[in-house]
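Colleague: Right, I'll just put the structure down here and ask away after.
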Amino acid sequence: EVEMVREKIGCRNMDAFVISSGEKKVARTCIEAVITRAAMAFDMEGEVRKALPDGTTKYMRPIAGAERMYPETDVPPVFIEPDRIKRLKSELPETFDDKILRYEKYGLGKDEAEQIVYGGKDELFEPLVKKHDPKAIARILLHVLPEIERKGHDIKNLAGRIDEVLEGLEKGMFSKDGIDKIMECWAGKPDASLEEIIKECGIEAMNKEDLRKEIKSILKEHTSIVAEKGEDAISPLMGIAMKKMKGKADGSLIYQILKEEVMRIVQEKSREYKK
């Protein structure tokens, strides 16, 4: 019978039909409701549906619109003093965006600032930046500690050592190139003092005089490089010097003294050649 009706009214494969039977007014109202619901399939509005035991849902009612929203009639209006609003605004926490901008003013790059803030490292950064170089702090938080953790070390106790490490750096107990090694050594010996860790790592800071002696010793061992390359020997010799003295002196100071000594040798050779 269904197929006969479909054929009679010209239904195609994906078509459906509805029969409404009853008094004309009731039948028409029913059909109009069906048409309205069918149209909603093409222009869906919010609706409340009931979950059924078989995992499907059933239409219950449309979601109430703005016309259903009204003030609570049983609660009297509350007047908020402008001063209170002003005070509350002043007590709002700093937004992430504002904090990132503030960190950029410390000299950090935007990426560094975002990593600290979004990574939840700002709680460590804030007290440290009042005393130490922001970029040194950022390097430890974003690079040194993660690298130590990647090597399999427990870094839980290292966060509390950052202040002490930076104080040691500022006192000249070691160079900034030694921070990585000190932090890694400390991860393995959390109960040791900074002095003990420095000794353990073998990176006690060298004074300028001892550093120059060490560089002269390196040049003596590699005279052939200077003889062959002249001023260009600085680059390969710098690699040798850094490998031997990393952590004991800043790279910039090592480079400065190495350059002075290489140039001295080159100039002496030049004078000898002219004679």
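Colleague: Surrounded by 10 or more Cβ atoms within 10 Å (Cβ to Cβ), more than 16 Å from the chain's Cα centre (by Cα) and closer than 30 Å to G172 by Cβ - does that describe any residue in the range 107-126?
Modeller: yes
Colleague: Let me ask something else about it. Would you mind stating whether E104 is surrounded by fewer than 18 Cβ atoms within 10 Å (Cβ to Cβ) and either among the small types (G, A, S) or modelled with pLDDT of 95 or more (or both)?
Modeller: On the way: surrounded by fewer than 18 Cβ atoms within 10 Å (Cβ to Cβ): yes; either among the small types (G, A, S) or modelled with pLDDT of 95 or more (or both): yes.
Yes.
Colleague: Taking the criterion of being surrounded by 15 or more Cβ atoms within 10 Å (Cβ to Cβ) and under 22 Å from A138 (Cα atoms), would at least one residue in the range 236-246 satisfy it? Write out each step before concluding.
Modeller: Here is the first cut: in the range 236-246, the residues surrounded by 15 or more Cβ atoms within 10 Å (Cβ to Cβ) are 237-238, 240-242, 245-246.
So of that shortlist, the ones also under 22 Å from A138 (Cα atoms) come out as 246.
Checked the range 236-246: at least one residue is surrounded by 15 or more Cβ atoms within 10 Å (Cβ to Cβ) and under 22 Å from A138 (Cα atoms).
Colleague: Considering only residues that are more than 13 Å from K244 (Cβ to Cβ) and surrounded by fewer than 14 Cβ atoms within 10 Å (Cβ to Cβ), look in the range 205-219 and name the one that is modelled with the highest pLDDT.
Modeller: E209
Colleague: Quick test for you: out of V18, V48, V34, V75, pick the one residue that is free of Cβ contacts under 8 Å to residues at least 60 places away in the same chain, among the β-branched types (V, I, T) and in a helix (DSSP H, G or I). It would help to see each step written out before you state the result.
Modeller: Working: V18 fails: in a helix (DSSP H, G or I); V48 fails: in a helix (DSSP H, G or I); V75 fails: in a helix (DSSP H, G or I).
Of the residues listed, the single one that is free of Cβ contacts under 8 Å to residues at least 60 places away in the same chain, among the β-branched types (V, I, T) and in a helix (DSSP H, G or I) is V34.
Colleague: Taking the range 176-204 as the search range and keeping residues that are part of a loop (DSSP other than H, G, I, E, B) and of a type in the set (D, E, K, R), which one is modelled with the lowest pLDDT? Break it down into steps so the answer makes sense when it comes.
Modeller: In the first step, residues of the range 176-204 are kept if they are part of a loop (DSSP other than H, G, I, E, B); the result is 189-193, 202-204.
From what is left, the residues that are of a type in the set (D, E, K, R) are 189, 191, 204.
Values: K189: 87, D191: 87, E204: 70.
Filtering first and then ranking leaves E204.
Colleague: Something else now. Within the range 1-32, how many residues turn out to be of a type outside the set (A, V, I, L, M, F, W, C) and exposed (fewer than 10 other Cβ atoms within 10 Å of the Cβ)? Spell out the reasoning first.
Modeller: If we filter the range 1-32 for residues that are of a type outside the set (A, V, I, L, M, F, W, C), which is where we start, we get 1, 3, 6-8, 10, 12-13, 15, 20-25, 28-29, 32.
Going one step further and asking which of them are exposed (fewer than 10 other Cβ atoms within 10 Å of the Cβ), we end up with 1, 3, 7-8, 10, 12-13, 15, 21, 23-25.
Within the range 1-32, residues that are of a type outside the set (A, V, I, L, M, F, W, C) and exposed (fewer than 10 other Cβ atoms within 10 Å of the Cβ) number 12.
Colleague: Here's something else I'd like to know. Just a yes or no: is a residue in the range 81-91 among the β-branched types (V, I, T), modelled with pLDDT under 85 and not assigned by TED's automatic domain parsing to the domain that holds K135? Outline the logic, then answer.
Modeller: Of all residues in the range 81-91, those among the β-branched types (V, I, T) come to 85.
Filter once more, so that each one left must be modelled with pLDDT under 85: none.
No - not one qualifying residue is present in the range 81-91.
Colleague: If you check D180, D154, D210, which single one turns out to be closer than 25 Å to G109 by Cα and among the charged types (D, E, K, R)? Can you show your working first?
Modeller: Numbers: D154 fails: closer than 25 Å to G109 by Cα; D210 fails: closer than 25 Å to G109 by Cα.
The conditions single out D180.
The values are calculated or read from the model by the stated rules, or taken from the named source; none is laboratory data. Fair warning: this is a prediction, and the values are worked out from it, not measured in the lab. We place every Cβ from the backbone using ideal geometry, glycine too, and count neighbours over all the protein chains shown.
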